[in-house]
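The values are calculated or read from the model by the stated rules, or taken from the named source; none is laboratory data. Predicted model, so just to flag it, every value in this text is computed and none were measured. Backbone-built Cβ (ideal geometry, glycine too); neighbour counts: all protein chains shown. Remember, those area values only see protein heavy atoms, side chains included, never the ligands or the DNA or RNA. Shrake-Rupley method; radii C 1.70, N 1.55, O 1.52, S 1.80 Å.
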Protein chains: 2
Amino acid sequence: MATQRTAPTLADIQEARQRIQGIAEETPVYISETFSRRCGREVRLKAENLQRTGAFKVRGAVNKLATLSPEERAAGVVAASAGNHGQAVAWAARELGVRALIFVPDTAPMAKVEACRNYGAETEMSGEYFEDALTAALVHVEETGGTFIHPYEDQFVVAGQGTIGLELLEQEPEVATVLIPIGGGGLALGIATALRAVRPEVRIVGIQAGVDGYTIADGIAVKVPSDFTMPLLEDLLDDIISVTDEEISEAIVLLLERAKLVVEGAGAVGVAALLAGKAGGSGLAVPILSGGNIDPTMLISVMRHGLTVAGRYLVVRTQLADRPGELIKFLSLVAAERGNVISVEHHREGMDIPVSETEVELTLVTRDEAHCLQLLAAMGEHGYTVERLR
Amino acid sequence: MATQRTAPTLADIQEARQRIQGIAEETPVYISETFSRRCGREVRLKAENLQRTGAFKVRGAVNKLATLSPEERAAGVVAASAGNHGQAVAWAARELGVRALIFVPDTAPMAKVEACRNYGAETEMSGEYFEDALTAALVHVEETGGTFIHPYEDQFVVAGQGTIGLELLEQEPEVATVLIPIGGGGLALGIATALRAVRPEVRIVGIQAGVDGYTIADGIAVKVPSDFTMPLLEDLLDDIISVTDEEISEAIVLLLERAKLVVEGAGAVGVAALLAGKAGGSGLAVPILSGGNIDPTMLISVMRHGLTVAGRYLVVRTQLADRPGELIKFLSLVAAERGNVISVEHHREGMDIPVSETEVELTLVTRDEAHCLQLLAAMGEHGYTVERLR
């Protein structure tokens, strides 16, 4: 069975829903007071990051694999992906008792490759770039058979993703605006097809990231737009907008701190658009949090950046007289103003430091920007000349 | 109406469920393949961290406030808490149209005080310690009226928390072991009462933290065990165990990375106990993830620590010949082995460094401990003498 480059109908999506039931999860909708207040309209979050394997992709993969003939199942499935699609195909194949072979570039993060293996798939490293893995997968299918599972240029895959739309309409019948990330476009095409068929008046906004290059929303960083999904999306969607990495970072931190949800960059673009006032429309807005697979070291960087922007870190440098007790005096002042010290660097040598003085660099955890300013003012009042580094 | 130091019955908990319906959320159960594999038994997570205000406490607060007479409502409610209980009372009071006054020590994190205010409560700072705020709250009630809401020594509060037990039995009828954090003991008492009444054979384990001092599970760090809840718990529970901060940290990181859920220390103790093999019993185990209100700077520390333990960071120091190109040669070797450099520190001066050499300290993101060893071996093979710092 070749890949079906046809748009699914509502009936296809309803059938998909039957097929994935009891395999993929029905994900919860999270009511968010903070997001509603910040965005000036009611916001509820479709927590698809809590889906099996941590992303929506299992819906499409399960639906696709469930439509294979017994012969096709016996021959196994093949995919090229180092990310959510690869893991979804691996997981769906195991659930349905099908062999899966996933081609990944050998630059892929080991954690993702291991996730595919843990779900029971074989993996094959080939070439440095994604395109190399894709070529190898297609050659393998050509030479040895098996069904290649495309991540979005496939009617059954798209119909699977569309089940989110039907689910959402049952969970939130009052929804007025839906925000959907666009990478390859399969998620947006599936959901928009379902929504337009059942509730044509709902405002549907597609969101892109990294249109001019690198983005932390790596899950939707697609170099070439699909000539299958994009023309269809242009018809179905009310608007296609883009968000910046700065906006995405802020959304990730807020989701973590207030909704208690870990959301990857691609999954946070809807919240980013709402916070930035880019979503348009009115009434209840629901961003689709499409996945939660963010590298933890990346998450730490994003959090640190977010906290610094929010005034939750303060880094200052000052000079103290080189006498016993001077550092303690300075730290006592900081403590009195409730600054929480994380690190103290003490420099006794350096071109700009007079012999009788030492230089101190202090990193503090603060409450907010107002607290930073209050600390700086107190230092000034006590005669310290302070340079703010961050 | 004074505080009711009586254990609730199943009927009380069923009534509580009626009262909180449509106000507090029915929280989802998350199916966790990774946790099941790691713990060697089926594990599902009761995601009470996704409850309104981020913790279970709203169940008890809503139930308590809903039982007040019109006169009591008019006089308002008072609580002493800088944490989840204070926020829950503030939130429940606003939902039910009651005035709330929350006493907090003036050392309380500003973020928590502001959360109470955002929910519409008045706050009053009084004294340095929690006990000071408690005393001030009781004096205020004595002098000016209003109902003091105790966080756990109250039949209606405990009955509210018990609704989690009824909900869980409907969501997971096959549950064999339930793990519940014990701080004041109200959560464990409520849930255990419900479970024992409906499914007496379920194994119920209470979990404490910080029994010998400081704990990152600050939500359950209670200095003096309650003489109301503890004797009842000793009767109802099959076991009371304790976990270490190291075990809790590992659980927090795993919940974040694999379940995409932000869980505070107190909320992670059940998972910690399972991972450490301390839970006992067999069959489906469900830890109650009681809350998600962890300070983000604390979360970053826990994550960094967790990643270091898991071999996801490597810090090495070595000496290079002080010639152009030597640093590039060393970094190329690291790149070839797929180490991801986060920082390079270059020291040209120092007592132990020969004049013809410079010292380099490298911090790398690695895949796992095996990857660390592989990097160290490659450095050794190429003639570098390397000291591993972390």
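What residues of region B:50-87 lose no less than 50 Å² of accessible area with every protein chain in place versus their chain by itself (probe 1.4 Å, heavy atoms only)?
Flagged in region B:50-87: B:Leu50, B:Arg52.
Please report the equivalent ellipsoid semi-axes of region A:1-47, computed as sqrt(5 x eigenvalue) of the Cα gyration tensor, largest first, in whole Å.
Over the Cα atoms of region A:1-47, the ellipsoid semi-axes are 33, 15, 9 Å.
Could you tally the net charge around B:Met110, taking each other residue with its Cβ under 15 Å from the Cβ of B:Met110, Lys/Arg +1 and Asp/Glu -1?
-3
Let me know the whole percent of all Cα-Cα pairs from region A:69-155 that are separated by more than 17 Å.
Percentage above 17 Å: 40.
Run lengths n ≥ 4 of DSSP H only: what is the helix-derived mean residue ellipticity at 222 nm for chain A, with -39500 (n - 2.57) per run over all residues, to the nearest 500?
-13000 deg cm²/dmol
Tell me the Kirkwood hydrodynamic radius of region B:138-290 in angstroms, computed as one over the mean inverse distance between distinct C-alpha pairs.
Kirkwood hydrodynamic radius for region B:138-290: 15.9 Å.
Can you pull a Stokes-Einstein diffusion coefficient for chain B at 10 °C (1.306 mPa s), Rh from Kirkwood over Cα pairs, as a whole number of µm²/s?
Once the numbers are plugged in, D ends up at 69 µm²/s.
If you line up the long axis of helix B:84-96 against the longest principal axis of chain B, both from Cα atoms, how many degrees apart are they, to the nearest 10?
Approximately 50 degrees, to the nearest 10.
Say a paramagnetic label sat at a point 7 Å from the Cα of A:Glu387, along Cα to Cβ; which residues of region A:277-318 have their backbone N under 14 Å from it?
Backbone N within reach: A:315-318.
Whose amide H sits under 5 Å from the amide H of B:Glu25, counting only residues 5 or more places off or on another chain, with H placed in the peptide plane?
So B:Glu25 has HN proximity to B:Arg52.
Can you pull the mean other chain C-beta count within 10 Å for peptide B:293-299?
Taking all residues of B:293-299 together, the mean is 5.
Counting pairwise Cα distances across the protein assembly as shown, what percent come out greater than 37 angstrom? Spell out each step's value before the answer.
Details: 144565 of 303810 pairs.
Counting every Cα pair in the protein assembly as shown, those more than 37 Å apart make up 48 percent.
State in Å² the accessible area per residue of region A:224-318; use a 1.4 Å probe, count heavy atoms of protein chains only, and round to the nearest integer.
I get 31 Å² per residue for region A:224-318.
Using only the Cα atoms of region B:60-100, what do you get for the radius of gyration and for Dmax, in Å?
Taking only Cα atoms of region B:60-100, I get Rg and Dmax of 9.3, 28 Å.
To the nearest hundred square angstrom, how large is the accessible surface buried between B and A, total for both chains, probe 1.4 angstrom? Before the final figure, lay out the partial values.
Details: alone 17510 and 17510 Å², together 31540 Å².
In total, chains B and A hide about 3500 Å² from solvent.
On average over all directions, what projected area in square nanometres does region A:230-282 have, based on the convex hull of its Cα atoms?
Average of the hull's projected areas for region A:230-282 equals 4.3 nm².
Using the 7 Å Cα-to-Cβ label point, sort the distances from A:Glu142 to its equivalents in the other copies shortest first and give them in nm to one decimal.
Distances to the matching label points in the other copies: 8.8 nm.
Between A:Glu128 and A:Val222, how many nm apart are label points set 7 Å from Cα along the C-beta direction?
2.6 nm
Provide, for q = 0.11 Å⁻¹, the log10 of I(q)/I(0) from a solvent-free Debye sum over equal Cα point scatterers in region A:286-390.
At q = 0.11 Å⁻¹ the computed log10 ratios are -0.43.
Among the lysines, select those whose C-alpha is under 30 Å from the C-alpha of A:Lys260, and discard any that sit fewer than 8 residues away in the same chain.
Within reach: A:Lys46, A:Lys57, A:Lys112, A:Lys278, B:Lys46, B:Lys57, B:Lys64, B:Lys112, B:Lys223, B:Lys260, B:Lys278.
Quick one: grab the alpha carbon gyration tensor of region B:217-259, order the square roots of its eigenvalues as a ≥ b ≥ c, and give me rounded if a/c is under 1.5, else prolate or oblate depending on whether a/b is larger than b/c. Don't jump to the answer; show the numbers that get you there.
Values: a/c = 3.06, a/b = 2.07, b/c = 1.48.
Prolate is the answer for region B:217-259, as a/c is 1.5 or above and a/b outweighs b/c.
Skipping prolines and chain starts, which residues have an amide H placed within reach, meaning under 5 Å, of the one on B:Ile182, given they are 5 or more residues away or on another chain?
B:Ile207, B:Gln208
Given charges of +1 on the Cβ of Lys and Arg and -1 on the Cβ of Asp and Glu, with all other atoms neutral, how large is the dipole of chain A about its Cα centre, in debye to the nearest 20? Can you show the working numbers first?
Working: 34 positive and 53 negative charges, 218 e Å.
Around 1040 debye, computed over chain A.
Read phi for every residue in region B:217-222 and hand back ³J(HN,Hα) as whole Hz from Karplus 6.51 cos²θ - 1.76 cosθ + 1.60, θ = phi - 60°, with x for Gly and Pro.
For region B:217-222, the Karplus curve yields 7, 4, x, 10, 7, 10 Hz.
Check A:Ala100: other-chain or 5+ apart residues with amide H under 5 Å from its amide H, H built from backbone geometry?
A:Val77, A:Glu122
Just report the Cα centroid separation between region B:182-235 and region B:2-45, whole Å.
14 Å
Under the Karplus relation 6.51 cos²θ - 1.76 cosθ + 1.60, θ = phi - 60°, what is the ordered set of whole-Hz ³J(HN,Hα) values for region A:377-390, x standing for Gly and Pro?
5, 4, 4, x, 4, 8, x, 8, 8, 10, 10, 8, 8, 7
Using the Karplus curve 6.51 cos²θ - 1.76 cosθ + 1.60 with θ = phi - 60°, work out ³J(HN,Hα) for each residue of region A:252-264 in order, rounded to whole Hz, and write x for Gly and Pro.
Those phi angles translate into 4, 5, 5, 4, 5, 6, 9, 9, 6, 10, 8, 10, 6 Hz.
Report the far tail of the P(r) of region B:1-139, meaning the percent of Cα-Cα pairs longer than 24 Å. Can you show the working numbers first?
Working: 3791 of 9591 pairs.
For region B:1-139, the fraction of Cα-Cα distances above 24 Å is 40 percent.
Kirkwood Rh, region A:254-321, all Cα pairs: how many Å? Numbers along the way, then the final one.
Values: mean 1/r = 0.0708 Å⁻¹.
For region A:254-321, the Kirkwood estimate is 14.1 Å.
Using only Cα atoms, find the angle between the long axis of helix A:186-198 and the longest principal axis of chain A, and express it within 0 to 90 degrees, rounded to the nearest 10.
70 degrees
Once the Cα atoms of helix B:57-66 and of chain B are each reduced to a long axis, what angle between those two axes, in degrees from 0 to 90 to the nearest 10, is obtained?
20 degrees
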